Amino acid sequence: MKLFYQCIAVAVVITALAVAFVPGVDEYVEATAQGFVGSWAR
Amino acid sequence: MAMIKRLLTVVLCLLLIPATAVVTAAVKQRFADGPNRFFSGGPLIAGEMHAGAEPNWSFVNDIPTIEMQLVDPPRSRRIWTVEHAGKLYVWSGYMQTTVGRWWKGWPPQAERDGRAVLRIDGKRYERQLVRITSGQALDGICQAITDKYPSRTTRAGVEAGDVWLFEATPRS
C-alpha cells in the first residue's frame with residue numbers, strides 16, 4: 001500500500017505541473033469538466 | 001470490512017488525480033485576463049474602454065459569447081448574450097437545480113451588486129446588470145434567445161426563477 005500512496009503522490013504532482021505548465025492540458029481539463037457539469041446540471 | 005475500506009481508499013486516491021487537474025486548471029484561470037470557457041477568469045484588463053454614445057447592440061447577435069466581469073467580486077466568465085429592441089441582455093439557466101446553483105454563482109452576486117464590465121470583440125463596456133423577472137418584454141427577449149441559441153428559455157422559465165435574466169444597462 002505504501003508504494004501505491006507514493007505513486008498517487010507522484011501522479012498528483014505531475015498532474016498539477018502538467019495542467020499548470022504544459023500548453024493545451026488546462027484546455028482539455030476545462031472542456032472535460034464543462035461536459036460533466038453541463039450534463040449534471042440538466 | 002477491511003477489504004471494503006481499502007477499496008474505498010484506493011478509489012478516493014485515484015479520484016484525487018482528476019480533482020487535482022480540475023482545481024489546478026481553475027486556479028490557473030483565476031490569474032488570467034478573462035475566462036476561457038468554463039472556469040472563472042480574473043478581471044478583464046486588456047481592451048479599450050468604450051466611452052461615448054450607447055452602441056447599437058445588434059452586432060452582438062452575430063457573436064456567440066462575450067466575457068463578463070462583475071466589479072464585486074472581480075471575476076469574469078464567458079456567457080451568452082442577445083440584443084432585443086436595442087437593449088442588451090445576459091442570463092443564466094439551471095438556477096433551480098442543485099448543480100446549477102453551485103455552478104452559476106454570479107447571478108446572485110450580480111443581483112447584490114450589478115456593476116459589470118463586458119468585453120466584446122476586445123472592447124470593454126461598463127454596464128449595470130438589472131434583473132428582469134416579469135413583463136411583456138420577456139416574450140420578445142426569450143424569442144431572441146431561442147432564435148440565436150439552442151436554448152429552451154421561456155417567459156415562464158424566467159418568471160419561475162429557473163432562468164435569471166439581466167438587462168445590461170448603461171452605468172450612470
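Values in this text are rule-based calculations from the coordinates and carry no lab data. Since the structure is predicted, the reported quantities are computational estimates derived from the model, not experimental observations. Counting neighbours? That spans all protein chains shown, and the Cβs are built from the backbone with ideal geometry, glycine included.
Put simply, when B:30-36, B:88-94 are sorted by average Cβ atoms within 10 angstrom per residue, most first, you get B:88-94, B:30-36.
As I understand it, the value is the acute angle between the Cα axis of helix B:137-148 and the longest principal axis of the Cα atoms of chain B; what does it come to in degrees, rounded to 10? That helix lies at roughly 60 degrees to the long axis. Inter-chain neighbour count for A:9-21: the average number of beta-carbon atoms from partner chains within 10 Å of each residue's beta-carbon is 4. For region B:64-172, the Stokes-Einstein estimate of translational diffusion at 25 °C and a viscosity of 0.890 mPa s comes to 176 µm²/s, using the Kirkwood hydrodynamic radius over alpha-carbon pairs.
For a straight C-alpha distance cut-off of 29 angstrom, the lysines reachable from residue B:123 (same-chain residues fewer than eight places away being disregarded) are B:28, B:87, B:104, B:148.
Counted residue by residue at 0.36 nm each, then reduced by the alpha carbon distance between them, the extension gain from residue B:139 to residue B:27 reaches 36.4 nm. Loop-located trypsin sites (Lys or Arg not before Pro) across region B:100-172 with a Cβ neighbour count of 16 or fewer within 10 Å are B:152, B:171, with loop assigned by DSSP. Rounded to the nearest 10 degrees, the inclination of helix A:25-41 to the longest alpha-carbon principal axis of chain A is 60 degrees.
Counting Cα-Cα pairs of chain A in 5 Å increments starting at 0 gives whole-percent bin shares of 5, 21, 16, 16, 16, 14, 9, 2, 0.
With the charge dipole of region B:57-170 set up from +1 on Lys and Arg Cβ and -1 on Asp and Glu Cβ about the Cα centre, the Cα lying farthest toward the positive end among the listed residues B:161, B:82, B:118 is that of B:118. For residue B:82, nonlocal amide neighbours, meaning residues 5 or more places apart or on other chains whose placed amide H falls under 5 Å from its own, are B:89. Model label points for residue B:54 and residue B:1, set 7 angstrom from Cα along the Cα-to-Cβ axis, are 7.0 nm apart. Derived from the Cα gyration tensor, the three semi-axes of the equivalent ellipsoid of the protein assembly as shown are 38, 21, 13 Å, largest first. The mean number of Cβ atoms from other chains found within 10 Å of a Cβ in peptide A:27-39 is 5, as a whole number.
Bridgeable lysines around residue B:5 (alpha carbons under 21 Å apart, same-chain partners fewer than 8 residues away excluded): A:2. Our note on the geometry: Cα centres of region B:126-156 and region B:21-98, 17 Å apart. Extending 7 Å from the Cα toward the beta-carbon at both residue B:71 and residue A:3 defines two label points whose distance is 6.0 nm. Within 10 Å of the Cβ of each residue in B:25-35, the mean number of Cβ atoms contributed by other protein chains is 3. Computed over the protein assembly as shown, the per-residue total of -39500 (n - 2.57) for DSSP H runs of n ≥ 4 gives a 222 nm mean residue ellipticity of -14500 deg cm²/dmol, rounded to 500.
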